[in-house]
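Read-outs throughout are calculated quantities, based only on the coordinates presented, and are distinct from any laboratory measurement. Just so it is clear, the model here is predicted, and its values are computed rather than measured. Every residue, glycine as well, gets a Cβ built from its backbone with ideal geometry; the counts of neighbours run over all protein chains shown.
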Amino acid sequence: DGDQLYDMINKRVGLMMEAGWLDEVSSLVNDEAWVDFMLKKKMIGYDLLTQYLLGYHADIDLDGVVDLIAQRTRNYAKRQITFLKKLQSNVKKDSNQISKLHEVQEYNLTKFDQSNLIRIVSEIILG
């Protein structure tokens, strides 16, 4: 359910802020290489918090930045869901492919292993 996912994302962003995310980024903004890295990679949240701390968004307060982080995270989640739905519609209807697709859909991103996820998706697409 989309509303449930959005609520989970909003709570997660709030928990990350409570856990010291701003302090983490604040400790990195004095390192020019890190700032450059965070801004170029556009890691959701890190780029906005870096810009906020450096005063790039004088028109937005911290609550506005947190709301924007949650919005961008929700947008990213929506793109992932759309990708998986398209992938599902393109999967050959054999049990091996369906099994792999379920593995991708149930993938726990808190235990993120990008190389394993890429391998699974590649097997689905390439057969």
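Once you order the gyration tensor axes a ≥ b ≥ c over the Cα atoms, which shape class does region 26-91 get: rounded for a/c under 1.5, otherwise prolate or oblate by comparing a/b with b/c? Walk me through the intermediate numbers first.
Working: a/c = 4.48, a/b = 1.99, b/c = 2.25.
Judged from the Cα gyration tensor, region 26-91 comes out oblate (a/c at least 1.5, b/c at or above a/b).
So, in nm, how far is label residue 83 from label residue 24 when the simple model puts each one 7 Å beyond its Cα toward the Cβ?
2.1
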